[in-house]
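Engineer: Handing you a structure now.
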Amino acid sequence: MIIDCHGHFTTAPPQLAEWRDRQVAAAGDPVNAPNPDDLVITDDDLRQAIEDNQLRLMDERGSNLTIFSPRASFMAHHIGDFEVSSVWARICNDLVHRVSTLYPDRFVMGAMLPQSPGADPATCLPELRRAVEELGAVTINLNPDPTGGKWTTPPLTDRTWYPIYEAMAEYDIPAMIHVSTSCNPAFHTTGAHYLNADTTAFMQLVQGNLFADFPTLRFVIPHGGGAVPYHWGRFRGLAMALGKPDPETLLDNVLFDTCVYHQPGIDLLTRVIPSRSILFASEMIGAVRGIDPRTGHYFDDTKRYVDGTAHLSDGERTAIYSGNALRVYPRLAARLTTAGR
């Protein structure tokens, strides 16, 4: 089995974006906010959005199951207030849940949280609990910078985040560390802000001691870990200078995905980071959608790179493709066991 741990509903029917535009236009003016009941998306709309896109590519590229969450750039936590984010998260989570219900053998739900700048992270708990208990989410996306690029939020090791970590430990679910749209034109959303955030989150974990308080907590840092695996010596050296343990001690709790879009990048990732701490992912259809003229294949066809990594053993490749995901997402493993897969 090949499990893709990083998929977003980037191809949602256009009605979703149209409703969101109305919500954004009314931010700060709740009297004129659109009614969620006005958003009508049929099952046929969802089937067309999925079957013509993600499902088709999964079949063509050979992946079996995708952990599927709302579109990351649409989370846009910096827009409006907590109430705006709360309504929007509920709508997006419900939509992804419907996809996982229509295609239970191919998609399993990951949830977004209704984060908002300055809001206590504990305000996210009702939606987190609803997503896990009612919708069947096996993971959450956690935005370390809900300000959209201003970075005024405390680091992930700050105790203000602990209510979310306590819920994660209770449900035994991981979080993917994933920012959303950049509000700063100096930082391209997917080319800079995403990768900066991945790197920043890891450095925050190096500087802190979070896993002493939450030894079972698991974070997936996407996009190949930002700069981390490719500058591993820098992080080892900084940890020494700060009097912190070697970053390798974090790798029971911190994992990196394979959303790296060329062979040399995957080769380096898998040489530096032990295979037990790498999860297969593609993020398709996502930030990079074109065909690489040097190879004739899509940049985000990451299975080709993992297959082409000569130094991986069969056991290591199997762990990356599925074994690690079944360990990191125990609710997914339980569901597959119940289904006899």
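The values are calculated or read from the model by the stated rules, or taken from the named source; none is laboratory data. Keep in mind it's a predicted model, so treat the numbers as computed, not measured. Here Cβ is always computed from backbone atoms with ideal geometry, including for glycine, and neighbour counts include all displayed protein chains. Ligands, DNA and RNA are excluded from the accessible area calculation, which covers all protein heavy atoms including side chains. Shrake-Rupley method; radii C 1.70, N 1.55, O 1.52, S 1.80 Å.
Engineer: Which whole-number percent gives the relative contact order of the chain, counting Cα pairs below 8 Å spaced six or more residues apart? List each step's numbers first, then the result.
Structural biologist: Values: 590 pairs, mean separation 58.0, N = 341.
Once divided by the residue count of the chain, the mean separation gives 17 percent.
Engineer: Find which of G136, P104, I285 sits farthest along the positive direction of the dipole of the chain, computed with +1 on the beta-carbon of Lys and Arg, -1 on that of Asp and Glu, about the Cα centre.
Structural biologist: Final value for the positive-end residue is I285.
Engineer: What does the helix-only formula give at 222 nm for the chain: each DSSP H stretch with n ≥ 4 adding -39500 (n - 2.57), the total divided by the residues, and the result rounded to the nearest 500 deg cm²/dmol?
Structural biologist: On the way: 15 runs with 136 residues, N = 341.
Counting only the DSSP helices, I get -11500 deg cm²/dmol.
Engineer: State in Å² the accessible area per residue of region 73-126; use a 1.4 Å probe, count heavy atoms of protein chains only, and round to the nearest integer. Present the calculation step by step, with values, prior to reporting the outcome.
Structural biologist: On the way: 1870 Å² over 54 residues.
Ligands and nucleic acids excluded, the result is 35 Å² per residue.
Engineer: List the residue ranges in the chain for DSSP H helices whose C-alpha atoms run 15 angstrom or more along the long axis and whose Kyte-Doolittle average is 0.0 or above.
Structural biologist: Working: long enough: 14-25 (17 Å, -1.16); 82-102 (30 Å, 0.44); 194-207 (20 Å, 0.24).
What comes out of the filter, once short or polar helices are dropped, is 82-102, 194-207.
Engineer: Which percent of the accessible area of region 1-101 is formed by carbon and sulfur heavy atoms (probe 1.4 angstrom)? If you can, show how the numbers build up before the last one.
Structural biologist: Details: 2050 of 4350 Å².
Exposed carbon and sulfur together represent 47 percent of the surface.
Engineer: Separate question: Indicate the gyration tensor shape class of region 140-187 (rounded, prolate or oblate), computed on the Cα atoms with a ≥ b ≥ c the square roots of the eigenvalues: a/c under 1.5 is rounded; otherwise a/b larger than b/c is prolate and the rest oblate. Please report the intermediate quantities before stating the final value.
Structural biologist: Values: a/c = 4.19, a/b = 1.94, b/c = 2.16.
Cα axes put region 140-187 in the oblate bin.
Engineer: Let's see if you can work this out: charge +1 on each Lys and Arg Cβ, -1 on each Asp and Glu Cβ, no other charges. What is the dipole magnitude of the chain about its Cα centre, in debye to the nearest 20?
Structural biologist: Values: 28 positive and 40 negative charges, 169 e Å.
With Lys and Arg at +1 and Asp and Glu at -1, about 820 debye.
Engineer: Testing the spin-label approximation: label points 7 Å from Cα along Cα→Cβ at L326 and T152. State their distance in nm.
Structural biologist: The modelled label-to-label distance comes out at 4.7 nm.
Engineer: Using a Gaussian network model of the chain with C-alpha springs under 10 Å, which one of M203, M176, M109 is most mobile by mean-square fluctuation?
Structural biologist: Of M203, M176, M109, the Gaussian network model singles out M203 as fluctuating most.
Engineer: In square angstrom, what is the accessible area per residue of region 223-324 with a 1.4 angstrom probe? Walk me through the numbers before you get to the answer.
Structural biologist: On the way: 4550 Å² over 102 residues.
Counting only protein heavy atoms, the per-residue value for region 223-324 is 45 Å².
Engineer: Could you order peptides 270-277, 334-341 by the average number of other Cβ atoms within 10 Å of their residues, highest first?
Structural biologist: Details: 270-277: 17.1, 334-341: 11.1.
Packing proxy ranking, top to bottom: 270-277, 334-341.
Engineer: Loop-only check: which trypsin sites (Lys or Arg not before Pro) in region 105-151 are DSSP coil with at most 14 other Cβ within 10 angstrom? Before the final figure, lay out the partial values.
Structural biologist: Values: sites: R106, R129, R130, K150; in loops: R106, K150.
For trypsin sites (Lys or Arg not before Pro) across region 105-151 that sit outside H, G, I, E and B with at most 14 neighbouring Cβ atoms in 10 Å, the list reads K150.
Engineer: Sticking with this one: Suppose the chain between S313 and T11 were pulled fully straight at 0.36 nm per residue; how much longer would it get relative to their current alpha carbon spacing? Intermediate values should be presented prior to the final figure.
Structural biologist: On the way: separation 302, 0.36 × 302 = 108.72 nm, distance 3.53 nm.
Full extension from S313 to T11 adds 105.2 nm.
Engineer: Follow-up question, since we're still on this one. Based on the Cβ-Cβ distance of T338 and L268, what FRET efficiency does E = 1/(1 + (r/R0)^6) give at R0 = 35 Å, to the nearest 0.05?
Structural biologist: Values: r = 38 Å, r/R0 = 1.09.
Efficiency computed from Cβ-Cβ geometry: 0.40.
Engineer: Roughly speaking, to the nearest percent, how much of region 151-293's 1.4 Å accessible area is carbon and sulfur?
Structural biologist: Details: 3200 of 5720 Å².
Carbon with sulfur: 56 percent of the solvent-accessible area.
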